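So the structure is just underneath, and the comments pick up after that.
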Amino acid sequence: MNSAVSSFRLIIINDSPQEAQRLSSMLHNAGKPCRAQHINVETNLTKALEDQNWDLLITYDDASSLSPAVVIRHIRKFERDIPVILLTHETGNKSVVDGMKLGACDVAQVDDDQHLLLIVNRELDNRMQRKITRITERKLKEVERKNQRLLDSSRDGIAFVQDGMYLYANDSFAEMLGHNNRDDIEFMPVMDSIAENEHPHVKKVLKNFTLQTSSEETALTFTALLPDGQEKEITADLIIGEYEEEPCTQLICHAQTENNVLMEAELQNIKYTDPLTKLYNRSALIEEIEKAVDIVTKEEIQKSFIYIDIDRFSKKVKNTFSITDADKLLKSISRAIAKHYDDENFIARISDHSFAIISEEHDTEKLIAHAEVLCKKVSSHVFEVSNKTIQFTFSIGICLINEATKNSQKLIHHALQCVESQRKEKDGNGVNLYQKKTENGEVLASSFKNALKNNDFKILFQPIISLRGEETERYEIFLRMNVDGEEISPSSFLSTAEDLGLSKKIDRWVILESIKNLQRTTQKTQHFINLTAASIQDETLIPWLKVALDAANIESSSLVLQAKEADIIQQLTTVKNFIDTAEKIGIAFCITNFGSAAIDPLGTLEHINSVHIKIDGALALELQENPDDSKDLEELVQNLHEKGKITTIPHIEKASILSKLWQLGVHHIQGNYLQAPSSEMDYEFSSED
């Protein structure tokens, strides 16, 4: 948009329609034609923000019907990119400072039209630059996605090598080396895949190629050592390349087979289809979300994302239905969802008992009403399998896809927050619309970047007690943030950290604080540290952590990194690679809330090699409330022990279940009955011997 000639969309909020008309006419006469809407009722503001995009909002500090604070709160709630200009009758700097603290981009006096015009020009230009930046970022991400898909699906074997390790390899390259998939060789030393007698030759060729100044290709022929002990001659072209902004050497092994179009199409179909329900799968959903974000960014329209989770599905079917019957139930449920949301919507199954829809509809009232109808239909329907009947309810989270939507991960996270909130507040069976929380948002966002420097964060320690008389002292590390003398838990500020791109930095701060405390103790101590999804996806974390541990002279086994089961099953391959990399330097992993999210939690362990398992605290709470009903917990603990896992039961609130847990052979216990999180590692472990 050329702000000098094109009209812009403007909301004017004040008590006087005449003043709104004067302001609109002034802008027109100054060469700033606008399509203005005067609003003085909160419901009209909400409707306007939902229905279309706006370029600018001008409000008055003396508006009695809609205060500036309410206006700005609504804009932030809907995550709209709308600059707010505040007009005031007051003079002096105080009104400007107060207005900008409130969230206005600038403040001008009511009668100073020339100043207002300068602000309008600046903010329209700034908004256009933000729009251009968003479009450019989306184009870049789309190019990166296409390039990655080309690499992944190429019939030629392609690998990127850095510092003597495979940084990336596609499946074709892995197959050439005799592996089932690329996960088996990524981060593997190159020499482990080459016959030992050729190591000197290959090292010399790679070194010389790395040092050359020209970009000419070099051919490398080597004998590959396959996993079954056989050898295979491979020829690869070496090219200077870059992968994820890291300079490296690219190896290309040209395929000898002809491209089969029908086979490629069938493979694509398999890749993007859920085998059980025949709906789209999670991979297809991620790509579709990215496409949707591209479209709304370019065309300034809105779409919606609907997340459907079956309430307590695993618990309901576990002791009554077989796995085969559970699959039949999921098929029936998926058909009900597909029938309710017609073919014009994109429908996918994204986890064991979760589904997602991308819809063109963006009217929130219609979205909520349509979802509520589905909830009522399902809750009143009786599903029957193998002469057994059962009823289910849905928890549904809805998010709008607009210019503020950053990526698929953030969108799914917001929808999942709605589902969890629905369950927590109303025990499920309902619909929740995502609205960004604004309470204390200004304080958190403005102070967050300085919090790390000013030591506004602190860590707490909760002991993990061994029931087997071990000497190691164990603590779980909890994070708190200090705001105006009040300690805030991560549930209140981590979403802000993610929005600011600081969650990885906070995780590293916690790790460094943990290492400092480990340096101070003379006892054999182990810390369990929670990680965010961003850190698990960060391939540089483990190398950085090894450097930090070596510098502090702390053994790697002193740390155990952990994440929730619900987060893990959403990104199994990423977590598997993370754990494998951590294990190489001696750091163990722990799955927390185990048994709370997956239909077959033990099946998760077929993919994830986690030594430590922290069982879902809900099972411990149920045992404390019903001591005689321990069948589920007994069975789960027994199966975990058969797999050689180290088990921990959290949320111990009563002494009455300790003997039961000891009989079950549980390794560790944790909870406020033993000790609440404390600022010091001061638990007397010796008293438990």
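The values are calculated or read from the model by the stated rules, or taken from the named source; none is laboratory data. It should be emphasised that the depicted structure is a prediction, and the values quoted were computed from it without experimental measurement. Using ideal geometry, Cβ is built from the backbone for each residue, glycine included, and neighbour counts are taken over all protein chains shown.
Quick notes on this one:
- Scanning the range 664-689 for residues that are modelled with pLDDT of 85 or more and within 14 Å of Leu467 (Cα to Cα) yields a total of 9.
- Criterion (closer than 21 Å to Glu473 by Cα, in contact (Cβ under 8 Å) with a residue 12 or more places away in the chain and assigned by TED's automatic domain parsing to the domain that holds Gly595) met by exactly one of His641, His668: His668
- Test: residue in the range 626-635 that is surrounded by 17 or more Cβ atoms within 10 Å (Cβ to Cβ), over 23 Å from Ser503 (Cα atoms) and either touching a residue at least 12 places away in the same chain (Cβ under 8 Å) or not basic (Lys, Arg) (or both): yes
- Subset of the range 158-186 [touching a Gly at 6+ places or on another chain (Cβ under 6 Å) and modelled with pLDDT under 85]: none
- Selected residue (criterion: nearest to the chain's Cα centre (by Cα)) from residues of the range 64-96 that are part of a loop (DSSP other than H, G, I, E, B) and closer than 30 Å to Thr405 by Cβ: Glu79
- Scope the range 10-41; condition more than 15 Å from Leu117 (Cα to Cα), under 39 Å from the mean Cα position of the chain (by Cα) and in contact (Cβ under 8 Å) with a residue 40 or more places away in the chain; matching residues: Ile11, Ile13
- Test: Thr218 is modelled with pLDDT under 85 and in contact with a strand residue (DSSP E or B) (Cβ under 9 Å, 6 or more places away or on another chain): yes
- Thr592 touching a residue at least 12 places away in the same chain (Cβ under 8 Å) and either outside the structural domain of Met481 (by TED's automatic domain parsing) or part of a strand (DSSP E or B) (or both): yes
- Criterion: surrounded by 13 or more Cβ atoms within 10 Å (Cβ to Cβ), at pLDDT 90 or above and β-branched (Val, Ile, Thr) - qualifying residue of Val510, Val483: Val510
- Looking only at the range 387-407, and only at residues there that are part of a loop (DSSP other than H, G, I, E, B) and in contact with a Ser or Thr (Cβ under 8 Å, 6 or more places away or on another chain), the one that is surrounded by the fewest Cβ atoms within 10 Å (Cβ to Cβ): Gln391
- All positions within the range 453-479 that are surrounded by fewer than 21 Cβ atoms within 10 Å (Cβ to Cβ), among the basic types (Lys, Arg) and touching a residue at least 12 places away in the same chain (Cβ under 8 Å): Lys458, Arg468
- Summed over the range 331-371, residues that are under 22 Å from Gln570 (Cα atoms), in contact with a helix residue (DSSP H, G or I) (Cβ under 8 Å, 6 or more places away or on another chain) and in a helix (DSSP H, G or I) total 2.
- Residues satisfying the stated conditions in the range 614-662, i.e. among the small types (Gly, Ala, Ser) and in contact with a strand residue (DSSP E or B) (Cβ under 8 Å, 6 or more places away or on another chain): Gly617, Ala620
- Among the numbered conditions (1) of a type in the set (D, E, K, R); (2) crowded, with 18+ Cβ neighbours inside 10 Å; (3) over 25 Å from Ser679 (Cβ atoms), the only one that Lys546 does not meet is (2).
- Any hit, the range 557-570, residues being under 26 Å from Ser283 (Cα atoms), assigned to a loop (DSSP other than H, G, I, E, B) and in contact with an Asp or Glu (Cβ under 9 Å, 6 or more places away or on another chain): yes
- Some residue of the range 222-230 being modelled with pLDDT of 80 or more and under 19 Å from Ser154 (Cβ atoms): yes
- Residue count for the range 79-111, restricted to those that are among the β-branched types (Val, Ile, Thr) and surrounded by 18 or more Cβ atoms within 10 Å (Cβ to Cβ): 6
- Checking Ile132 against (1) in contact with a helix residue (DSSP H, G or I) (Cβ under 7 Å, 6 or more places away or on another chain); (2) among the aliphatic types (A, V, I, L, M); (3) over 21 Å from Pro247 (Cα atoms); (4) free of Cβ contacts under 8 Å to residues at least 60 places away in the same chain, the condition it does not meet: (1)
- Among the criteria (1) modelled with pLDDT of 90 or more; (2) within 28 Å of the chain's Cα centre (by Cα); (3) of a type in the set (Val, Ile, Thr), the one Ile301 does not fulfil is (1).
- Some residue of the range 117-126 being surrounded by fewer than 18 Cβ atoms within 10 Å (Cβ to Cβ) and among the aliphatic types (A, V, I, L, M): yes
- Test: residue in the range 102-113 that is part of a helix (DSSP H, G or I) and either without any contact (Cβ under 8 Å) to a residue 24 or more places away in the chain or not small (Gly, Ala, Ser) (or both): yes
- When the residues of the range 389-423 are filtered to those that are small (Gly, Ala, Ser) and at pLDDT 90 or above, the one that is farthest from Glu498 (Cα to Cα) is Ser395.
- Some residue of the range 187-199 being modelled with pLDDT of 85 or more, surrounded by fewer than 19 Cβ atoms within 10 Å (Cβ to Cβ), within 18 Å of Glu233 (Cα to Cα) and aliphatic (A, V, I, L, M): yes
- Lys146 vs. criteria at pLDDT below 90, of a type in the set (D, E, K, R), out of contact with any strand residue (DSSP E or B) (no Cβ under 7 Å at 6 or more places or on another chain) and more than 30 Å from Ile82 (Cα to Cα): yes
Let's see how each residue does on (1) among the aliphatic types (A, V, I, L, M); (2) at pLDDT below 90:
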residue: Ile82; (1), (2): yes, no
residue: Leu86; (1), (2): yes, no
residue: Asp98; (1), (2): no, yes
residue: Asp106; (1), (2): no, no
residue: Gln114; (1), (2): no, no
residue: Asn126; (1), (2): no, no
residue: Ile135; (1), (2): yes, yes
